[in-house]
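Any read-out appearing in this document is the output of simple, stated calculations on the displayed coordinates, not a laboratory observation. A quick note: this is a predicted structure, and the numbers were derived from the prediction, not measured. Cβ coordinates were reconstructed from backbone atoms using ideal geometry, including for glycine residues, and neighbour counts include every protein chain displayed.
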Amino acid sequence: MKRIISFPHLGNYYIPVKYLLEKLTDFEVRQSPPITKKTLELGEKYSPNDVCIPFKYNLGNFIESLDKGASILVQAGGGCRYRYYAEVQEKILRDLGYEFSFIKLISKDKMRVKETYNIFKKLNSKLSLYKFINTFIITLFFIYYMDKIDVIIRKRIGFEVDKNSFINLREKMYKDFYNCNNLTTLTICYFKYRKKFKKLKIDKPKNCLKVGIIGELYTSMEPFSSYFLESELAKMNIELKRYTDLSYLLWKKKLTTKHMLRKTKHYCKYTLGADGLDNVYRTIKLAKKYDGIIHTKPFGCTPEVGAIPIIKKVAKDKNIPIIFFSYDSETSNEGIITRLEAFYDLIKYRKEKK
Amino acid sequence: MKKAYLGIDIGSISTKGVIIDSDNNILLSKYIWTEGNPIKAVKEIIEYFKNNISDDIKIVSVGTTGSARRLIGSILNASIIKNEITAHAIGTLSIYPDIKTIIEIGGQDSKIILIDNGIVTDYAMNSLCAAGTGAFLSSQAKRLGIDVNNFGSIALTSNNPTPIAARCTVFAESDLVHKAQMGYNKNDIIAGLCKSVALNYLNNVAKGKKIAEPIIFQGGVSKNIGVVKSFEDILNTKIITDKNGHLMGALGVAILSKDKPEIEFDFNINNYKYSTNSKFCGKCPNNCEVIFINKDDEIIDHWGNRCPRGEKITNKN
């Protein structure tokens, strides 16, 4: 029987990760069962109480995977408290009596090709360096194209004419992407779908409301953890922009940090850890063309707590409405909906007045 | 036949209802405790209106706001269901068109609304914690063995308010117990509590917001003259309180409902039995709790379902 390798969720990125693992290893690859309330309950039960909420989701994912028969778990790391996730989670799971092997993809905060190759080589002794690099590059493009399409979707989904047309087409696209075996077919596939997405019927007024979403990475990328913030906003017919996605975190961030420091020099002298500086920079950018900003973070997210006073000052200077959401494991989203509705009214009246 | 508009604000602690005419004058109003049963409270209000309304008035639209707005909105077949922040701003502006800052402290939440030239420019609501709200004051009044209605007048008799931690309700409470056991005067402690509510509000909800004059103070806690005085002392300015301050939400949503198409309003909601029941979907581990609103035996609304899987159970019923 094949061993089962499994990993936690982050939005739809389980698809490229699965793609990568399936090509590089001989194991059966099975992502964690979809995040549900039960996942969070499990994660909460065995996590330290004060840890940030992504830890609880990840741990819940791992427990559900292990219960489904997984015996190899994969975790990344780096940045903020996320750096310690892997070690602490491994310890908690072992204390619970599970038996498994644990792979940490990123150690010492940086991903190095050679180290990563060695990790995979241990899993699959037949793996050649050429195949590893080739698959890795295809996966990166997979992620890049996914994110590109998501940018188009976020601009348009709030105005779709046929209900769920965007989501359904995206599901189809993921399937086709998954079946591509080399970069050329993947790229052709991407352009084909880009055309299709742009052709989907929308009913978009010229001066629609535009909102930018900034904040911590997990709560902005995993819809479950933000109570489906983006789809709630889409229901209100709002065009969305979000900077944080996986391609941003994997390479764009590194390339733009110096630029961001220059642009934010009135407010920040140094980087703020994790995405703190990035969010200050984004606030400055968004203030130019957007009607409002939504900032999301897990309760107690230290880099963002440090960035918030600066962001507030920027928003005040640039006169743009901003609203902050702090997520933890509350089960009711009524309070969040009330604040969102009020925010919508606020930006709408402001726009009408202009 | 004169046209009139009904607005209802169902908060966690109290339920407010108003009927206004087309010039936004309040014709009738009613203020009662919700007592954890919004349906009963609304029935009581509608009954009161039914008995007191003059015959030449016809209700042509209904608006609901407050934390139970959706539930009551579907029972009354409301023309508009609006969040309380917008409703409060609209209601207040109809009476005080120049107002710049609205301070609102209710039973469970507190908010600040900043207005410039008649539009809301910024707002903030307390984060998910009831620190420094009406619920805190009434529980502390009970602990000190006094009626919450006398709280303000007792506070005003003190010349030397006892400092009480304002950061968090739990700290404030243990501080209060400690000070009481140390033998501080009761009226000083009460004045200190009023001050801590004002400080807590300014430090948490209104943090970083520019509080411009004129300022109006609303919500149940604004009836407490001790808190009003604390705000005036700290901000060093005059604060407006309105005798109808508690009705602003209801008034605002009644005004908002005026733009909506006219409906036939039925005063006889007491003849029907309204009930809610919940069902767990059970189609996936998410196990969404779907809530149904029934009028006699017929389902008039439901919510809580998030995906197509759950539509099966909502359709079946």
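The GluC sites (Glu not before Pro) of region B:1-71 meeting both criteria, a DSSP state outside H, G, I, E and B (loop) and at most 13 other C-beta atoms within 10 angstrom of the site's C-beta, are B:E35. Each of A:T302, A:F343, A:L277 was scored by the projection of its Cα onto the charge dipole of region A:266-350, and the greatest displacement toward the positive side belongs to A:L277; charges sit on the C-beta of Lys, Arg, Asp and Glu.
Sorting A:T296, A:T256, A:T135 from the fewest to the most surrounding beta carbons within 10 angstrom yields A:T256, A:T135, A:T296.
Residue exposure proxy: B:L137, A:L200, ordered by other Cβ atoms within 10 angstrom of their Cβ from fewest to most, comes out as A:L200, B:L137. Below 8 Å, C-alpha to C-alpha, sequence gap of six or more: please give me the relative contact order for chain B in percent. Relative contact order of chain B: 22 percent. Residues B:I80, A:I92, B:I164, arranged from fewest to most other Cβ atoms within 10 angstrom of their Cβ, appear as A:I92, B:I80, B:I164. Applied to region B:275-280, the Karplus parametrisation 6.51 cos²θ - 1.76 cosθ + 1.60 on θ = phi - 60° returns per-residue 3J(HN,Hα) values of 8, 10, 9, 10, 9, 8 Hz, with x for Gly and Pro. Distance from the Cα centre of region B:126-200 to that of region A:60-95, in angstrom? Cα centres, region B:126-200 to region A:60-95: 46 Å.
Helix-only estimate, please: 222 nm mean residue ellipticity of chain B, summing -39500 (n - 2.57) across DSSP H runs of length 4 or more and dividing by its residues, to the nearest 500. Rounded to the nearest 500, the figure is -11000 deg cm²/dmol. When chain B is treated as a Gaussian network with alpha carbon springs shorter than 10 Å, the biggest mean-square fluctuation among B:F171, B:F280, B:F49 belongs to B:F280.
Per residue, the average separation of C-alpha pairs within less than 8 Å and at least 6 apart gives region A:4-127 a relative contact order of 27 percent.
According to the square roots a ≥ b ≥ c of the eigenvalues of the Cα gyration tensor, what is the shape class of region A:61-127, taking rounded for a/c under 1.5, prolate for a/b larger than b/c otherwise, and oblate for the remainder? It comes out oblate by the Cα gyration axes.
Looking at region B:209-317, the GluC sites (Glu not before Pro) that sit in a DSSP loop and have at most 10 other Cβ atoms within 10 Å of their own Cβ are B:E264.
Projecting the Cα positions of B:N52, B:L251, B:A206 onto the charge dipole of the protein assembly as shown (unit charges on Cβ atoms of Lys, Arg, Asp and Glu, taken about the Cα centre) puts B:A206 furthest along the positive direction.
In the elastic network of chain B, a GNM with C-alpha springs shorter than 10 Å, the most mobile of B:V170, B:V205, B:V253 is B:V170.
Looking at region A:268-309, which trypsin sites (Lys or Arg not before Pro) are in a loop (DSSP not H, G, I, E or B) and have at most 14 other Cβ atoms within 10 Å? Passing both the DSSP loop test and the Cβ count: A:K269. Charges were assigned to the Cβ only: +1 to each Lys and Arg, -1 to each Asp and Glu. The resulting dipole of region A:1-147 about its Cα centre is roughly 460 debye.
To the nearest ten degrees, helix B:225-235 and the longest principal axis of the Cα atoms of chain B are 70 degrees apart. Taking the charge dipole of region A:192-236 about its Cα centre, with +1 at Lys and Arg Cβ atoms and -1 at Asp and Glu Cβ atoms, the residue from A:L229, A:P205, A:T219 reaching farthest to the positive side is A:P205. Helix A:276-289 versus the longest principal axis of chain A: what angle, 0 to 90°, nearest 10, using Cα atoms? Approximately 40 degrees, to the nearest 10. In order along region A:212-217, the Karplus-derived 3J(HN,Hα) couplings, from 6.51 cos²θ - 1.76 cosθ + 1.60 at θ = phi - 60°, round to x, 10, 10, x, 5, 5 Hz, and Gly and Pro are given as x.
Computed on region A:139-204, with alpha-carbon pairs under 8 angstrom and 6+ residues apart, the relative contact order is 51 percent. Per residue of peptide B:285-292, the mean number of Cβ atoms on other chains within 10 Å of the residue Cβ is 3. Counts of other chain beta carbons within 10 angstrom of each beta carbon in peptide B:277-284 average 1.
For B:D242, the residues whose amide H sits under 5 Å from its own are B:F217, ignoring neighbours fewer than 5 places away on the same chain, with H placed 1.01 Å from N. Label region A:205-354 by shape, choosing from rounded, prolate and oblate, from the square roots a ≥ b ≥ c of the eigenvalues of the Cα gyration tensor; if a/c is under 1.5 it is rounded, and otherwise prolate applies when a/b is larger than b/c, oblate when it is not. Oblate, because a/c is 1.5 or more while a/b does not exceed b/c. Computed about its Cα centre, the charge dipole of region B:1-79 is approximately 220 debye, with only Lys, Arg, Asp and Glu carrying charge at their Cβ. Phi angles of region B:54-61 translate, via the Karplus equation with coefficients 6.51, -1.76, 1.60 and θ = phi - 60°, into HN-Hα couplings of 7, 5, 8, 10, 10, 7, 10, 8 Hz per residue; Gly and Pro are given as x.
For region B:1-59 versus region A:141-190, the inter-centroid distance based on Cα atoms is 51 Å. To the nearest ten degrees, helix B:248-257 and the longest principal axis of the Cα atoms of chain B are 30 degrees apart.
When shorter helices are ignored and each DSSP H run of at least 4 residues is given -39500 (n - 2.57), the per-residue value for chain A at 222 nm works out to -17500 deg cm²/dmol. For region A:139-204, the square roots a ≥ b ≥ c of the C-alpha gyration tensor eigenvalues yield an a/c of 1.5 or more together with a/b exceeding b/c, which makes the shape prolate.
Cross-linked pairs B:K30/B:K243; B:K43/B:K295; A:K285/A:K318; B:K16/B:K210; A:K252/A:K288: Cα-Cα separations exceed 18 Å for B:K16/B:K210; A:K252/A:K288. About its Cα centre, chain A has a charge dipole of approximately 2040 debye under the convention of +1 per Lys or Arg Cβ and -1 per Asp or Glu Cβ, with nothing else charged.
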